[in-house]
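The values are calculated or read from the model by the stated rules, or taken from the named source; none is laboratory data. All of these numbers come straight from a predicted model, not from anything done at the bench. For neighbour counting, all protein chains shown are included, and Cβ atoms are generated from backbone atoms with ideal geometry for every residue, glycine included. Heavy atoms of the whole protein, side chains included, go into the accessibility calculation; ligands, DNA and RNA do not. Shrake-Rupley method; radii C 1.70, N 1.55, O 1.52, S 1.80 Å.
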Amino acid sequence: MTRMRWVIVAAVASVVMAADGATAADKLKLAVGQCGNWDSSPVELGIRQGVYAKHGLELEALCTQGTGETQQAVIAGSTDIGIGIGTLGALGAFAKGAPIRIVSGSATGNADFWIVQAQSPLRAIKDATSANTVAYSTNGSSTHSVVLGFINELGLEAKPTATGGPAATITLLMSGQVDIGWSSPPLGFDLLDQGKIRIFARANDVPSLRGQTVRVNIANAESLKARRNVHVRFMQSFRETIDWMYSDPKALDMYTDYRKTSLSNASRMRDEFFPKSAIDPDTVKCMAHLMV
């Protein structure tokens, strides 16, 4: 083979390798608590909009029932990142030596609300007794913190009961297996409009939780150390997706399709329950209070 042909072959090979490198996306595995919540949707909507792909990322997202499942997946190393971890749960796990790091805020303030059947005699915190049950998702979750706040700060006497996500909880509520359920917008809006359930309490009724960052995003410590640049690009994409969610009407249409809800429900949820500041990943507030 002549020297010129060697040069040509080498040049073609380098172009092919460069092309392969450009198209090979870095993969990240995610555990997403309460898929479908607006504050966890930057993952799914960003994938659909192509934001992560633009930054050279390929995401594999696993939906969980809440903090317990999400955090365990990150601790075990089966996922790189956990979305929507109860802040108290994350701090507790870190204090016990779990290999996790808080990388951003997820939700500041709390849009979750607690509900009862329309015919329930329970209308206020003072009406509940130790014979009643009140739902939360999983231990260490933000909903667990709220229920503890109802008990410790507002005097609720009901028995805390872990029920998983809002869909499962509403089923348990409507079948009479739990007295006070919980939900997160927009799930439950239709039942409220139909008069089948009533709002019993809101998370922000708890004085200590108002304005507090109740959920955070975490990363597996080893994954973060070994693939820092990939994690940085994930956070860049996450922020970019949130900006798009509040600036492009297409985002609500996409969420409506993803969540299988109405456009009016999606608009109500975003505009009434989740101002952009509530899901700003760069905002983490009241950590000192949680670490007391």
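Structure data summary
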read-out: All positions within region 116-152 that are open to solvent by 20 Å² or more (accessible area, probe 1.4 Å), closer than 30 Å to A90 by Cα and of a type in the set (A, V, I, L, M, F, W, C); value: I125, L148, I151
read-out: Residue pairs meeting the criteria (Cβ under 6 Å; at least 6 apart or on separate chains; first over 23 Å from T64 (Cβ atoms), in region 156-179; second open to solvent by 10 Å² or more (accessible area, probe 1.4 Å) and among the small types (G, A, S)); value: E157/S130
read-out: Identity of the residue in region 262-283, at pLDDT 90 or above and not in a helix (DSSP H, G or I), that ends up most open to solvent (accessible area, probe 1.4 Å); value: D282
read-out: Any chance D257 is more than 30 Å from G92 (Cα to Cα) and either within 17 Å of the chain's Cα centre (by Cα) or open to solvent by 50 Å² or more (accessible area, probe 1.4 Å) (or both); value: yes
read-out: Leading residue by the ranking (nearest to L122 (Cα to Cα)) among those in region 153-163 that are open to solvent by less than 60 Å² (accessible area, probe 1.4 Å) and not small (G, A, S); value: L156
read-out: Identity of the residue in region 150-167, outside any loop (DSSP other than H, G, I, E, B) and at pLDDT below 95, that ends up farthest from D112 (Cα to Cα); value: A167
read-out: Within region 184-196, considering residues that are surrounded by fewer than 22 Cβ atoms within 10 Å (Cβ to Cβ) and not acidic (D, E), the one modelled with the lowest pLDDT; value: L187
read-out: Lone unmet requirement of (1) of a type outside the set (S, T, N, Q); (2) touching a Lys or Arg at 6+ places or on another chain (Cβ under 8 Å); (3) at pLDDT below 95 for L91; value: (2)
read-out: Boolean, T171 is closer than 30 Å to S130 by Cα, in a helix (DSSP H, G or I) and not aromatic (F, W, Y); value: yes
read-out: Odd one out for L62, checked against (1) open to solvent by 20 Å² or more (accessible area, probe 1.4 Å); (2) in a strand (DSSP E or B); (3) in contact (Cβ under 8 Å) with a residue 60 or more places away in the chain; (4) not charged (D, E, K, R); value: (3)
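Conditions (1) open to solvent by 10 Å² or more (accessible area, probe 1.4 Å); (2) touching a residue at least 40 places away in the same chain (Cβ under 8 Å); (3) on the phi < 0 side of the Ramachandran plot; (4) not aromatic (F, W, Y), marked per residue:
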position: V206; (1), (2), (3), (4): no, yes, yes, yes
position: L224; (1), (2), (3), (4): yes, yes, yes, yes
position: N229; (1), (2), (3), (4): yes, no, yes, yes
position: V232; (1), (2), (3), (4): yes, no, yes, yes
position: Y246; (1), (2), (3), (4): yes, no, yes, no
